[in-house]
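Each remark here refers to the structure printed beneath this line.
The values are calculated or read from the model by the stated rules, or taken from the named source; none is laboratory data. All values reported here derive from a predicted model rather than from experimental measurement. Ideal geometry is used to build each Cβ from the backbone, glycine not excepted, and the neighbour counts take in all protein chains shown. Keep in mind that these areas ignore ligands, DNA and RNA; they rest on the heavy atoms of the full protein, side chains included. Shrake-Rupley method; radii C 1.70, N 1.55, O 1.52, S 1.80 Å.
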Amino acid sequence: MPSEPESKFPIMEFQSDQMMDLIFRLKSKCIENETEIMKESKLSQSEFNGIEKMNPGELISGKHFSEKLDLSPSRASRIVERMVQKGFLLRNFDSQDRRKCQIALSEKGLEIKQQIKMMRSSCEKKFQKMFSPREIESFSQSIKKTIKIL
């Protein structure tokens, strides 16, 4: 009886597991950097994400804020409230309807935004020291494909 050829599926499955392990290890390293900023600033993950998603000088509605964070309006409203209390956001209510508001990063929020930018710039510089421009481009393309797949 002829033997059946070995299936390649287990090998591919193993490679996928390795890829996912690497992705999670990379994610963990990125979270370590973010956690430092969050601890120093006493920010929750949601508050950090809120600062990260806002642009300096940007004035947005509470609804737009909730959409940026992919949260329900009520959840986003609670986050905005905490961020205003902590001094990271400025909020102005509509004089006709208190449910409507406009929010922007405060000076304190802008400082955190700058820290996030500096942390990312530092990581980017490490990449540039370790990899050639061609390797960086290849890595970037691979990450973009991975994001689309996941």
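Observations on the structure shown:
- When +1 charges are put on Lys and Arg Cβ atoms and -1 charges on Asp and Glu Cβ atoms, the dipole computed for the chain relative to its Cα centre reaches about 580 debye.
- Convex hull volume per residue in cubic angstrom - Cα atoms of segment 48-118: 76 Å³
- Given a 1.4 Å probe and the protein chains as shown, MET20 ends up with an accessible area of around 70 Å².
- Remark: the GLN102-LEU59 segment gains 14.9 nm on full extension, using 0.36 nm per residue and subtracting the alpha carbon distance.
- For segment 8-150, relative contact order (Cα pairs under 8 Å, six or more residues apart, normalised by length) works out to 20 percent.
- PHE139 versus MET19: modelled label distance in nm, points set 7 Å from Cα along the beta carbon direction: 1.8 nm
- Identified option (computed Cα Rg over 2.2 N^0.38 Å; candidates (1) 0.98; (2) 1.67; (3) 1.45): (3)
- Entries in LYS86/LYS108; LYS39/LYS113; LYS53/LYS145; LYS39/LYS126 that, when Cα-Cα distance is taken, lie over 18 Å: LYS53/LYS145; LYS39/LYS126
- Of the residues MET130, GLN102, LEU26, the one whose Cα sits farthest toward the positive end of the charge dipole of the chain, with +1 on the Cβ of Lys and Arg and -1 on the Cβ of Asp and Glu, is GLN102.
- Listed peptides 51-58, 30-37, 129-136 by packing density, highest first (mean Cβ within 10 Å): 51-58, 30-37, 129-136
- Surface exposure of the chain, expressed per residue as accessible area with a 1.4 Å probe, stands at 78 Å².
- Annotation: for a label point projected 7 angstrom from Cα along Cα→Cβ of LYS117, residues of segment 42-71 with backbone N closer than 12 Å are 55-58.
- Accessible surface of the chain [probe 1.4 Å, protein heavy atoms]: carbon and sulfur percent: 56 percent
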